[in-house]
1. Based on the mean of other beta carbon atoms within 10 Å per residue, what is the order of 39-47, 14-22, 279-287, 70-78, most packed first?
2. Scanning the chain for helices, which whole DSSP H stretches are 15 Å or more long along the axis (Cα) and average -1.0 or more by Kyte-Doolittle?
3. Just to be sure I understand the model, the point goes 7 Å from the Cα along the line to the Cβ. What's the resulting Ala529 to Gln350 distance in nm?
4. If I take every Cα pair under 8 Å that is 6 or more residues apart in segment 1-137, average their sequence separation and divide by the length, what percent do I get for the relative contact order?
5. Could you pull out every residue, at least 5 positions away or on a different chain, whose amide H is within less than 5 Å of the one on Val22? Hs are placed 1.01 Å off N in the peptide plane, and Pro or chain starts have none.
6. With an 8 Å Cα cut-off and a minimum separation of 6 or more residues, compute the relative contact order for segment 505-630 in percent.
7. Between the DSSP loop rule and a limit of at most 12 other Cβ atoms within 10 Å, which GluC sites (Glu not before Pro) in segment 547-583 are left?
8. Please identify the trypsin sites (Lys or Arg not before Pro) of segment 513-616 that satisfy two criteria: DSSP loop assignment and at most 13 other Cβ atoms within 10 Å. Which are they?
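Quick note: the coordinates plus some simple rules give every number you see, no bench work behind them. Just so we're clear, the structure is a prediction, and the values are computed from it rather than from any experiment. Neighbour counts run over all protein chains shown; Cβ positions are idealised from the backbone, glycine included.
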Amino acid sequence: MSAFDSSWLDETHLKKWPFSKVVFEESGYIEETLKQEIGRIGDRYITDDKTLTFALTDRNELVEDGFITISVVDGVRIEALNPEGLLYGYYHLYQASLRGEDYHFDINNPTNKIRMINHWDNVDGSIERGYAGSSIFFRNDMIAYSKERVEQYARMLASTGINAISINNVNVHHVESYFITQKFLNEIKALSDIFNFYGIKLYLSINYASPIEIGGSDTSDPLDEGVIAFWQDRFKEIYEIIPNFGGIVVKADSENRPGPHTYGRSHSQGANMLAAAIAPYGGLVFWRCFVYDNHQDWRDRTTDRAKAAYDIYKPMDGEFADNVVLQIKNGPMDFQIREATSPLFGALRQTNQALELQITQEYTGQQWHVCYLAPMWKEIFDFNTFAEETSCTIQESLLKYTKSNHHRGAVAAVVNIGDDYNWTGHKLAQVNLYAYGRLTWASHQLSEDIASDWVKQTFTLPADKEAILLDILLTSRETYEMYTSPLGIGWMVKPNHHYGPDVNGYEYDLWGTYHFSDRNGLGVDRTVATGTGYSRQYSDSLFEMYENLETCPEELLLFFHHLPYSYQLKSGKSIIQHIYSTHFEGYERVVAYSENWKTFKDLVPDQDFINIQQRLVEQLRSAREWRDQINTYYYRMSGVSDEKNRIIYP
Ligand code: GCV
């Protein structure tokens, strides 16, 4: 048996596979991949003597990577514009077979062109914000991996439509700075080949200060000729070794990382220099917008971290080169369980942009808590930015407001896998990786359907148990939100590692993540009228909605307003009562999850049963801690008792 599980692709779950014959009319390089994939199924599961045909086509109803499945007399034809499309078509059919579903004969085009995974893996084998063991690529300052494992990973990604991967942390330390040199490039090429086999392009995160760190220069000024020559040389060599290298991901001037600001240069100057050097090879520069002052003074109520990215990048709209993609986190703070969406979406009109999501559960329970993230991601994709006062969702803005059509639609996410047997630490966290791929392909799919597909492909359960598991997944995000920080205020986590409650952990720190609780109330006033003015970064209708207490969505009330504990919510409850009730109820929900899971014994493999059970024990312990610390803190602050007299420790 392998040291890792075969995830949602396990062929032993096959309910039917009617194809005894496969015909490749024309399928390009992917023919080898398809043969290998079909070879895994072998003859064991064949139920009929139908033919599966693969053919490249020039149908104009298809876009790149899209596919069409057609019912024909002797079986099924899959057609696509490009080889990768055939692979996606195959996985579509194969996964339907795993679920025992009838094939839908339809056209399936992806919405986004670049569907990317970002690793935060370090070459010593550790993973920044990783909760599922060590890196599957690196160990002891070397590239070291199991080929079988990386192949299985590439399959998993390709089966959901992922077509791009960056393999190292955006915080690029000393040894990793050499990834772009002969020292590592041949080994990286071998990794790249594994991913290419599944239609996935490899990218690297680079150190902006590489000319100094590894090039013997005394500057990384983007306008310096030596610096320009350094990068030209690097890209020349990279592309000689890895001809279809995807490009680079850059974290610059962010959380103490070096960047163009050091030299008084703008981010467009910094990014465009790299873009010019990589352009001859068709490479892309993913430039992250997670830039803010991380040396704030809590005494100063005018500086607002949430405002930083818009203040920096909006004035540069239109200045970035055609092959630069600005990578923007979904919210203006940092992957909280609830925060507003970044005002850059809809505001940038002439800039290629990518939405950045976080699959790894840094602030959402670190893969000890079950937290199905698809419902949150759907809200983000579907969020109406009201750009130009017309309806325009974030997903639409990714397609509409670009500099170059070539890169229309890009989404990236920080992945949640490591070398744990089940990839994600918590077996149920696999669903987040699966759902990310599915939503990045087409965000109109329902969270329920995606979760249900994952459950069906992963376990074999009777209908009533399937419904229970689905209910756990679908309510889990709300549950987590209930027992952690209230009404969009976020944070309140223990500093540095970000796990577990610590109401004031960051309150007097320099990271700009405050809640300003006092004896009267709590929340961050981001209004124009009396606060930091952040609300003005949105289009007019959103600005008015957030600015105004009556129309501000309640789940974000404390993200935008500082309010008294007595403030009455639409439910009729005061804020303080809402805090108490959600914390008690959230905890009770976890009690129910644990009780329900006990009934899954013998219905799922022992290893999975025990894994999930142990995680639920920890989730329960942690949820209790959250409940009691938050409730006690606000009881002490406000002096108000719980209306229902539940236990709050004084
Ligand atoms: C890779 C947050 C995380 C950091 C991460 C950073 C980023 O601050 O806590 O670990 O660094 O985001 O996205 O660059």
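1. Values: 39-47: 11.8, 14-22: 16.8, 279-287: 21.4, 70-78: 15.1.
The densest-packed peptide leads the list: 279-287, 14-22, 70-78, 39-47.
2. Values: long enough: 30-41 (17 Å, -0.52); 83-98 (23 Å, -0.10); 147-159 (18 Å, -0.92); 182-196 (21 Å, -0.14); 225-241 (24 Å, -0.20); 267-278 (17 Å, 0.50); 430-441 (17 Å, -0.21); 447-458 (16 Å, -0.88); 463-483 (29 Å, -0.05); 575-598 (35 Å, -0.55); 606-638 (47 Å, -1.21).
For the chain, where a helix must reach 15 Å along its axis and average at least -1.0, the hits are 30-41, 83-98, 147-159, 182-196, 225-241, 267-278, 430-441, 447-458, 463-483, 575-598.
3. Distance between label points: 3.6 nm.
4. On the way: 221 pairs, mean separation 30.1, N = 137.
About 22 percent, as a whole number.
5. Under 5 Å from the amide H of Val22 lie the amide H atoms of Leu52, each far enough along the sequence or on another chain.
6. Numbers: 118 pairs, mean separation 21.0, N = 126.
Value for segment 505-630: 17 percent.
7. Working: sites: Glu547, Glu550, Glu554, Glu555; in loops: Glu550.
Here the GluC sites (Glu not before Pro) that fit, given the DSSP loop and packing criteria, are Glu550.
8. On the way: sites: Arg519, Arg526, Arg536, Lys570, Lys573, Arg589, Lys598, Lys601, Arg615; in loops: Arg519, Arg526, Lys570, Lys573, Lys601.
Of the trypsin sites (Lys or Arg not before Pro), the ones in loops of segment 513-616 whose Cβ has at most 13 other Cβ atoms within 10 Å are Arg519, Lys570, Lys601.
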